[in-house]
Amino acid sequence: AGYARAEDNDASTSMRPRLVDLYATVQRRAATALRESTGVGPADVDCLQVYDSFSVHVPLVLEGFGFCEPDEVGALLRSGATHPGGRLPVNTSGGMLAEAYLMGWNHQVEAVRQLRHAAGRRQVPGCRHVQYVSCSQGKVNTVLYRRLP
């Protein structure tokens, strides 16, 4: 349904964006571009797949893409909203930290399974929109998958 990308590599090293604001600026830009191109915002996303090469990526994406207000990510995670059965299940197949480190391809496969309603016990009921987010080396990529009628 849509794709957005933002980059912030204005220094001689790709570490600068990560050290300055932990991707927040580029995440907001990518989120805005995706929302404008698809008409789908955080409240419409049924399932979120986050490239989680480090566990900190999930909370950063939740804040940066507007799934919660800044500084409210701890409360969101503690509430169970990101767990199976919650309002925004995250990395439903386990992600790279619990399933396998496959450079994010496992997230793409899981997005398709969710939209086909073929994820078995992991299935998000009524899943229509799955968002995938990857943040690395100063770049943010995000894809919105939509279930076809």
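The values are calculated or read from the model by the stated rules, or taken from the named source; none is laboratory data. Computed from a predicted structure; not experimentally measured. Cβ coordinates were reconstructed from backbone atoms using ideal geometry, including for glycine residues, and neighbour counts include every protein chain displayed. Side chains included, ligands, DNA and RNA excluded: accessible areas come from the protein's heavy atoms. Shrake-Rupley method; radii C 1.70, N 1.55, O 1.52, S 1.80 Å.
Antiparallel beta bridges, as assigned by DSSP with both residues in the chain, represent about 75 percent of the total such bridges. Chymotrypsin sites (Phe, Trp or Tyr not before Pro) within region 32-67: which are DSSP loop residues with at most 14 other Cβ atoms inside 10 Å? Passing sites in region 32-67 are Phe54.
Ligands, DNA and RNA aside, Val143 has an accessible area near 30 Å² when probed at 1.4 Å.
Which label marks the calculated value of percent of Cα pairs over 21 Å apart, given the options (1) 40; (2) 45; (3) 60? Here the calculated entry is (1).
From Cα pairs below 8 angstrom and at least 6 apart in sequence, can you work out the relative contact order of the chain, rounded to a whole percent?
Result for the chain is 34 percent.
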